[in-house]
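Worksheet: one structure, shown below.
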Amino acid sequence: MPIATYETLFMLDATKVAADADAVKQQVHHLLERHGAQVIVSREWNYNQKLAYPVNKQKKAAFHIVYYTMESTHQAALERDIALAEGVIFRQLTLKLDPKWQDTVLDIARNETGKEFAVRGMQEEAAVTTDPAAIGGEPGAGPGAGAEGGGHEGHAGGGPRRGRRPEPAEKHE
């Protein structure tokens with residue numbers, strides 16, 4: 001049976017986490033261990049996050065991230081049990097870690113001290129810009145480049161023309 005390493009981000013009920021964070025964490029671990037998972041790293045992502053829209057009538061949620069190994073054949077049953085677990089877990093997102101990056105990701109998860117430890121890699125990648133020539137475009141042909149704006153048929157915009165239609169030309173006999 002193939003054993004894989006997974007990363008699961010849990011969206012938890014913030015009020016229950018605020019009342020007893022250790023009990024909620026133990027409940028999540030028990031759910032994982034019931035399916036044969038071995039928890040490697042378990043830590044807070046952000047325990048007081050305002051949501052863009054209410055989830056289960058809650059405006060805030062607590063995010064907890066867990067790295068674990070288990071047989072890949074048990075993952076579907078685990079996700080089904082997580083969906084059926086009511087009360088504490090609102091949502092979850094599970095990713096299978098690529099073996100090539102597994103050691104690096106787990107090292108960062110263990111050793112970074114900030115709450116949003118995984119954002120570090122995204123901030124480093126944000127500085128990289130893509131050259132349009134690399135993806136088949138012309139250099140300097142980005143948005144707002146050129147005097148004509150890159151439209152077609154003499155129109156400046158890329159969408160349909162808005163406004164009044166021009167008066168039809170009179171027929172000459």
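The values are calculated or read from the model by the stated rules, or taken from the named source; none is laboratory data. Just so you know, these numbers come straight off a predicted model, no measurement behind them. Counting neighbours? That spans all protein chains shown, and the Cβs are built from the backbone with ideal geometry, glycine included.
Tabulated data for the structure shown
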| quantity | calculated |
| --- | --- |
| Filter result (at negative phi, surrounded by fewer than 18 Cβ atoms within 10 Å (Cβ to Cβ) and not hydrophobic (A, V, I, L, M, F, W, C)) within region 43-67 | ARG43, GLU44, ASN46, TYR47, ASN48, GLN49, LYS50, TYR53, PRO54, GLN58, LYS59, LYS60 |
| Residue tally, condition surrounded by fewer than 19 Cβ atoms within 10 Å (Cβ to Cβ) and assigned to a helix (DSSP H, G or I), over region 1-24 | 7 |
| Some residue of region 61-68 being closer than 28 Å to LYS16 by Cβ, modelled with pLDDT of 85 or more, touching a helix residue (DSSP H, G or I) at 6+ places or on another chain (Cβ under 6 Å) and of a type in the set (A, V, I, L, M) | yes |
| Residues located in region 43-101, provided they are among the aliphatic types (A, V, I, L, M) and more than 19 Å from the chain's Cα centre (by Cα) | MET70, ALA76, ALA77, LEU78, LEU84, ALA85, VAL88 |
| Contacts under 7 angstrom Cβ, first residue in region 68-91 being in a helix (DSSP H, G or I), partner among the polar types (S, T, N, Q), 6 or more apart | GLU79/THR94; ILE82/GLN92 |
| Any hit, region 89-112, residues being touching a Leu at 6+ places or on another chain (Cβ under 6 Å), surrounded by fewer than 18 Cβ atoms within 10 Å (Cβ to Cβ) and not aromatic (Phe, Trp, Tyr) | yes |
| Region 25-54, residues that are in a strand (DSSP E or B), modelled with pLDDT of 90 or more and not charged (D, E, K, R) | GLN38, VAL39, ILE40, VAL41, SER42, LEU51, ALA52, TYR53, PRO54 |
